[in-house]
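A short write-up of the structure that comes next.
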2 protein chains.
Amino acid sequence: MPVPSKKGSDEGVSAGLAKAIVEARPEAMPEDVRHEAGRALVNIVGCALGGADHPAMDVAIRALSPYAGKPDAVVLGRRERFDPLFSSFLNGISSHVHDYDDTTPSNYIHPTSPVASAMFAYASVNPVSGLDFLHAFVLGFEVVTRIGNATYPAHYRAGWHSTGSIGVFGAAAAIARLRGLDAQRMAWALGLAATQSAGLRDNFGSMAKSFHPGAAAQSGYRAALLAEAGFTTGPTPLEGPRGFAAVEAGEYDLSDLLTGFGTQFLLSTNTYKPFPCGIVIHPTIDACSQLKAEKGIDPANVKSVRLRVAPLVRDLCDQRPATGLEAKFSIYHAAAIGLVRGRGGLAEFTDEAVRDPALAAMRDKVEAVADPKVGEDAVIVEVTLQSGEVLQHELLQSLGNLARPLSDAQLEEKFRDQAKVVDAERADRLISMCWQIEELADAGEIARMSCPG
Amino acid sequence: MPVPSKKGSDEGVSAGLAKAIVEARPEAMPEDVRHEAGRALVNIVGCALGGADHPAMDVAIRALSPYAGKPDAVVLGRRERFDPLFSSFLNGISSHVHDYDDTTPSNYIHPTSPVASAMFAYASVNPVSGLDFLHAFVLGFEVVTRIGNATYPAHYRAGWHSTGSIGVFGAAAAIARLRGLDAQRMAWALGLAATQSAGLRDNFGSMAKSFHPGAAAQSGYRAALLAEAGFTTGPTPLEGPRGFAAVEAGEYDLSDLLTGFGTQFLLSTNTYKPFPCGIVIHPTIDACSQLKAEKGIDPANVKSVRLRVAPLVRDLCDQRPATGLEAKFSIYHAAAIGLVRGRGGLAEFTDEAVRDPALAAMRDKVEAVADPKVGEDAVIVEVTLQSGEVLQHELLQSLGNLARPLSDAQLEEKFRDQAKVVDAERADRLISMCWQIEELADAGEIARMSCPG
């Protein structure tokens, strides 16, 4: 049974958060936060385009579109339109299904997918200025990241996929903010978000992983609509003895949740993935690719590979994959693609790549040892060649993390690599619109522009 | 951090459950189980009619109907039709909002609402024979009750409203069974149910309590549709280290989950509420009503009331209510309505009843003491009169529990009391159809017949 442990009093935290979201002012966002929001949007729209034609999307549309409402809201990167709740769900799947989106390393949440997925669906059918969109996004991101930090690591370690289970709060907050809810209704929206918080890590490596931000986007959007109409909840969804933190984390600290909310921004702690897979195997892809480039390794000459990794890596990614989705959570596959192909792009995480005999053979040579002294951004790779020679490479900071962030130009390149469902000119326009979203009279233009044809 | 504790091996429990649901045969249901299913259906349809015009329904429809799909599926007791997913959601709200439905005392779940709410919406737009409906309902109920027992009390005590968080498995199983899914797809349906498992007890006393079976019905229905189309999940949604039981219960025992599944039925452990409120305050309403009837108590002569109750009662119902929904979880209100009005019907749990000065005055005289020696079906009431005389009443078995079940005639009476949205003749026909559901060529007739006009 989880035993709540807290510093200070949590009384009124949910009500205080609701009030803070309602009272936040766009003017309080400094220039660097606005720019970082642009980076997050360039990244997520690109990911949504890259995932728009994934089989998980086709399956979800085939299964559920017969039940969708008025077809007016945009699904990023697709021709079909659906009601905005279902479109939110689909945007969440597409933008997360390649595991290529963003991550706050303090809590391993991918915050933008659930928040922006709801917002783009909303903005595609409701007038929202670019500035209001940007601000509501920043607030939604902030809600996710703060709740994530307050309940990390207990919530994640217990087995929750927090991108879903905490993402729902951000989607609810952002849509409720765009709808102009008052503080009481905002509190109910947070209450309805809390009571829809869900998503189990048992699904890593299956389509259901991307279901989580999809469901979070849709559930958060629904929470805002119900709350606006007067659907009531309990008063303490975050801090109550039967509320989110006690039930789903057990150990948590809500004492800083409101400190500087609306004026100090955790968006600056966001990172963008250079590889489309679980972030904890990024150091291995990076290090193995470097080693291959530097030493010109021929896979046939490799006898064995020994990785020393952070314990979390084994906890999450100790699997021999049978599908592309499973490969995204395989430390063995990560080493193999680095050493065989020298890269980790979308093509390295398909079912076909998993069946590639060269990659399969290399995977079988890899062992991974958990070492608490190795950081989660790091890895030590030892490759033993058939000759007996041992090549060692230690990587301390993985590409894409806060110490080695992707540049704006790299984010644009990542966008173009993924944006195959639209032509190059439209891809460039979408990138520009994300950078200059504050200038847009109607943020929904981005959503509409993303649709092929 | 929850530490799983298990007897025996749980390996393959999810896959085994999926297979058992797919392979179960209607012929294996004995006559008493079929009759008990009729009782559950009479009870839940009556509750849905009774809650059909509750403000929570009007709010939900106002908020979300603009996003609903093709309006073909029935909302029990309402004129409007919506797509079957949204109708499932609404049926879950209406059938639970008065806290008048049913309960399996072994785990405090109200299993029928989430399961039948999805099923009636489904059957209203898809051909389902009465026998298939009955069997799928019995299987869905069984899934809920078995998972509930396997994870009780840890799951409930942690703060989950298991009617939602476990109800979703039953809705998914029942709809997937009606759709004829194979074992692999049934397993994915259970996986998608697990990853949507949600609902916090912080919401007891608000509209969001009834949101839980509504969301469970809708999420379970969605799970079945997605799984049918091939949306994949992890392989161990129940037993995995990051699956439902470990994440949401911590302590559990899955070793009996499959024993006799499909041939031994826990439906026989179901009970039906005689009072529309949290079941743990039923003994107090019952005892105080008896005391008033036997002793002719005049509220003005009461000086103080002392209740000795099971500890769970204080845990759940220690509140001074401001609304009718809160009164459903107030041990003080329970004593007051028994001693002042001698009854606990729908009229005793309205906002108006909460404001009744006679009830408010009596509530203020009541104290409740937790006593581990008092059973959860029992209460000891001590009323001290102004004269100094003390009247004591000990109740060991509350009306409606397994030792004092409501009779079929009492269930019919309860149905008619609630079925105000249809005329008396139609109410009688609905009751007959529930009793004789096995004879129906099309179970959807019940749903359609419940609509006014």
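The values are calculated or read from the model by the stated rules, or taken from the named source; none is laboratory data. All values derive from a computational prediction rather than experimental measurement. With ideal geometry, Cβ positions are generated from the backbone for all residues, glycine too; neighbour counts draw on all protein chains shown. Heavy atoms of the whole protein, side chains included, go into the accessibility calculation; ligands, DNA and RNA do not. Shrake-Rupley method; radii C 1.70, N 1.55, O 1.52, S 1.80 Å.
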Points 7 angstrom from Cα along the Cβ direction at A:ARG25 and B:GLU439: gap in nanometres?
7.3 nm
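With r defined as the distance between the Cβ atoms of A:ARG355 and A:SER65 and R0 fixed at 25 Å, what FRET efficiency is calculated, to the nearest 0.05?
0.20
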On each of the three principal axes of the Cα atoms of the range A:279-395, give max minus min coordinate, whole Å, ordered largest first.
33, 31, 20
Expressed as a whole percentage, what fraction of the accessible surface of the range A:214-329 belongs to carbon and sulfur atoms when a 1.4 Å probe is rolled over the protein heavy atoms?
49 percent
Can you give me the angle between helix A:183-194 and the longest principal axis of chain A, using Cα atoms only, in degrees from 0 to 90, rounded to the nearest 10?
40 degrees
Two-decimal Rg/Rh across the protein assembly as shown, once Rg and the Kirkwood Rh are taken from alpha-carbon atoms:
1.00
Counting only trypsin sites (Lys or Arg not before Pro) that are in a DSSP loop and have at most 11 other C-beta atoms within 10 Å, tell me the longest site-free stretch of chain A.
A:80-372
Within the under-13-Å Cβ sphere about A:ASP428, not counting A:ASP428, Lys/Arg +1 and Asp/Glu -1 give a net charge of -1
Compute, for the range A:112-267, the length of the dipole vector about the Cα centre, with Cβ point charges of +1 (Lys, Arg) and -1 (Asp, Glu) only. Units Debye, rounded to 20.
300 debye
In the range B:305-326, whose amide N lies under 20 Å from the spot 7 Å out along Cα-to-Cβ of B:LYS420? List them in ranges.
B:323-326
How big is the gap, in Å, between the Cα center of the range B:246-311 and the Cα center of the range B:313-340?
14 Å
On a 19 Å Cα-Cα criterion, which of the cross-link pairs A:LYS292/A:LYS365; A:LYS209/A:LYS365; B:LYS209/B:LYS273; A:LYS70/B:LYS70 come out too long?
A:LYS209/A:LYS365
To the nearest 10 degrees, how steep is helix A:282-295 against the longest Cα principal axis of chain A, on a 0 to 90 scale?
30 degrees
Expressed as an acute angle from 0 to 90° and rounded to the nearest 10, what is the orientation of the C-alpha long axis of helix A:130-151 relative to the principal long axis of chain A?
70 degrees
So what does the Cα-only Debye profile of the range A:115-182 read at q = 0.25 Å⁻¹, as log10 I(q)/I(0), no solvent term?
-0.99
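May I ask you to give the average projected area over all directions of the convex hull of the Cα atoms of the range B:278-347, in nm² rounded to one decimal?
The orientation-averaged projected area of the Cα hull of the range B:278-347 comes to 4.6 nm².
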Hey, if you put +1 on the Cβ of every Lys and Arg and -1 on every Asp and Glu Cβ in chain A, which of A:ASN91, A:SER124, A:MET433 ends up farthest toward the positive end of that dipole?
A:ASN91
Which aspartates and glutamates does B:LYS19 reach when only Cα atoms under 18 Å apart count, and residues fewer than 8 places away in its own chain are ignored?
B:ASP10, B:GLU11, B:GLU27, B:ASP132, B:GLU142, B:ASP182, B:GLU228, B:GLU239, B:ASP256
Hey, got the average number of other protein chain Cβ atoms within 10 angstrom for residues in A:77-85?
2
Magnitude of the Cβ-charge dipole of the range A:279-395, K/R +1 and D/E -1, about the Cα centre, nearest 20 debye?
180 debye
Using a 1.4 Å probe on the protein heavy atoms, what percent of the accessible area of the range A:1-154 belongs to carbon and sulfur?
54 percent
Expressed as a whole number of Å, what is the distance separating the alpha-carbon centroids of the range A:343-389 and the range B:204-237?
38 Å
Tell me the accessible surface of B:SER450 in square angstrom (1.4 angstrom probe, heavy atoms of protein chains only), to the nearest ten.
0 Å²
Reduction of at least 30 Å² in accessible surface, 1.4 Å probe, comparing all protein chains with the chain by itself, residues of the range A:131-174:
A:ARG157, A:ALA158, A:TRP160
Reachable aspartates and glutamates from B:LYS420, Cα under 13 Å, same-chain residues fewer than 8 places away excluded?
B:ASP53, B:ASP428
Extending each Cα 7 Å along its Cβ direction at B:ARG343 and A:ARG343, get the distance between those two points in nm, one decimal.
7.8 nm
Interface size B-A, as summed buried accessible area [1.4 Å probe, Å², nearest 100]:
5000 Å²
Ratio to report: Rg/Rh of the range B:81-139, with Cα atoms as the point set and Rh obtained by the Kirkwood method; give two decimals.
1.00
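Could you give the dipole magnitude of chain B about its Cα centre, charging the beta-carbon of Lys and Arg +1 and that of Asp and Glu -1, in debye to the nearest 20?
Working: 42 positive and 54 negative charges, 153 e Å.
Result for chain B is approximately 740 debye, rounded to the nearest 20.
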In square nanometres and to one decimal, what's the mean projected area of the convex hull around the Cα atoms of the range A:238-328?
10.0 nm²
Members of the range A:54-69 that become less accessible by 40 Å² or more once partner protein chains are added (1.4 angstrom probe, chain alone as reference):
A:VAL59, A:ALA63, A:LEU64, A:TYR67
For chain B, the convex hull over Cα atoms projects on average to an area in nm² of 20.6 nm²
Exposure of A:THR233 as accessible area (Å², to 10), given a probe of 1.4 Å and all protein chains
10 Å²
May I ask what percent, to the nearest 5, of DSSP beta bridges between residues of the protein assembly as shown are antiparallel?
70 percent
Just in the range B:3-73: which GluC sites (Glu not before Pro) are loop by DSSP and have at most 16 other Cβ atoms within 10 Å?
B:GLU11
Please work out how much length the chain gains when fully extended from B:HIS35 to B:GLN397, using 0.36 nm per residue of separation minus the C-alpha to C-alpha distance, in nm with one decimal.
128.0 nm
Take A:ASP351, A:ASP286 and sort them by solvent-accessible surface of the protein heavy atoms, 1.4 Å probe, largest at the top.
A:ASP351, A:ASP286
For the range B:334-436, alpha-carbon Rg over 2.2 N^0.38 Å
1.40
Accessible solvent surface per residue of the range B:152-220, calculated while the other protein chains remain in place, 1.4 angstrom probe, Å²:
17 Å²
On alpha-carbon atoms, Rg over Rh for the range B:176-257 using Kirkwood Rh?
1.01
At B:PRO66, label 7 Å along Cα→Cβ: distances to the other copies, nm, ascending?
2.8
DSSP beta bridges in chain A [antiparallel fraction, %, rounded to 5]:
70 percent
Using the Kirkwood radius over Cα pairs of the range A:1-130, the Stokes-Einstein translational diffusion coefficient at 4 °C and 1.567 mPa s, in µm²/s and rounded to a whole number, is 77 µm²/s
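Based solely on its DSSP helices, what 222 nm [θ] is calculated for chain B when runs of n ≥ 4 H residues each add -39,500 (n - 2.57) and the sum is averaged over all residues, nearest 500 deg cm²/dmol?
Estimated from H runs of four or more residues: -15000 deg cm²/dmol.
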